[in-house]
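Notes for the one structure printed next.
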Amino acid sequence: MARYQTGIAGLAVHSTPAAAAQDLAQRIIDLVRVKPDAVLGLATGGTMEPVYAALIAAHRDGLSFARVTSFNLDEYLGLPGSHPASYRATMQRLLFDHIDIDPANTHLPNGMAANLAAEAEDYERRIAAAGGIDLQILGIGRNGHIGFNEPGSAAGSRTRAVNLTASTIEANTRFFAEGEAQPDRAITMGIGTIMEAREVAVLATGMSKAQALSQALTGPVGPACPASILRDHPVASWIADAEAVSLL
Ligand code: PGA
């Protein structure tokens, strides 16, 4: 695996997006091998698609997820799990339907909940009841968001309903049919929730992430770039391809 030295602690740089995704997948595979009942924090987004393909390949090679529990970062408000662009449907299609994870152990916030505050509290309770998250994987938004914690989100924020920024809505238009109404709200783990995972790993690939990654790693730590707050996490790794680090 080709890797460059960058001098930034915890940052692994690969020549291609595929190699970067494989690196993150291998860390998940290694964790599940040593801890078959691991609690994984999962993420959606195009960046993660090759990661999930690699996990499916590992399962076909014999890795069992039967005792794994998962918690996804977020879900759109107003989309039922049957909608193809919902994060529930996305996770089923990209991962859950192809591995032996127990469906009862795959958690996403319910974006259709009548009482969102109660749903958010219940999500936090379910994470705690599972013993907390061992490894939270994360993409990064073009605006530096993590989960759907947009710029301005507090470091201590918890799971809650949020408004999406125009830039996030635009970045995700590609997942919706042309002319289809697209949600402008979501329910997301908070930054404080994410920071409680025992380990966090960010995957950033492509030029469109270069500005956000540079800000996250070398700008001020704070809500202007939510991903920067992960620098305060004791066990954070950053995995990127050459394009994503091109502004560092
Ligand atoms: P993407 O999304 O992987 O589709 O770029 C990442 C994110 O917004 O966190």
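All of the numbers you see were taken from the coordinates with simple rules; none came from a lab. Computed from a prediction, not measured in an experiment: that's the story for all the values here. When we count neighbours, we look across all protein chains shown, and the Cβ atoms used for this are built from the backbone with ideal geometry, even at glycine.
Classify the chain from the C-alpha gyration tensor, please: rounded if a/c falls under 1.5, else prolate or oblate depending on whether a/b exceeds b/c. Rounded, since a/c falls under 1.5. Gain on full extension, evaluated as 0.36 nm per residue between Val235 and Phe176 minus their Cα-Cα distance, stands at 17.7 nm.
Applying 1/(1 + (r/R0)^6) with R0 = 22 Å to the Cβ-Cβ distance of Arg142 and Ala18, what FRET efficiency is obtained, to the nearest 0.05?
On the way: r = 21 Å, r/R0 = 0.95.
So the FRET efficiency works out to roughly 0.60.
Shape class of region 209-248 from the Cα gyration tensor (axes a ≥ b ≥ c, square roots of the eigenvalues): oblate, since a/c reaches 1.5 or more and a/b does not exceed b/c. Using all C-alpha to C-alpha distances in region 86-181, build P(r) with 10 Å bins and read off the rounded percent in each one. Going from the shortest bin to the longest, the percentages are 12, 39, 40, 9, 0.
What share of Cα pairs, in percent, lie more than 16 angstrom apart in region 39-88? Result: 53 percent of Cα pairs exceed 16 Å. If you wrap region 1-143 in the convex hull of its Cα atoms and look at it from every side, the mean projected area works out to 9.8 nm². Shape descriptor for region 9-57: Rg over Rh equals 0.97 (Cα atoms; Rh from the Kirkwood inverse mean 1/r). With R₀ fixed at 30 Å, the C-beta to C-beta distance from Ala114 to Asn163 puts the FRET efficiency at about 0.95. Altogether, the Stokes-Einstein calculation at 25 °C and 0.890 mPa s, with the Kirkwood radius of region 137-248 over Cα pairs as Rh, returns a diffusion coefficient of 172 µm²/s.
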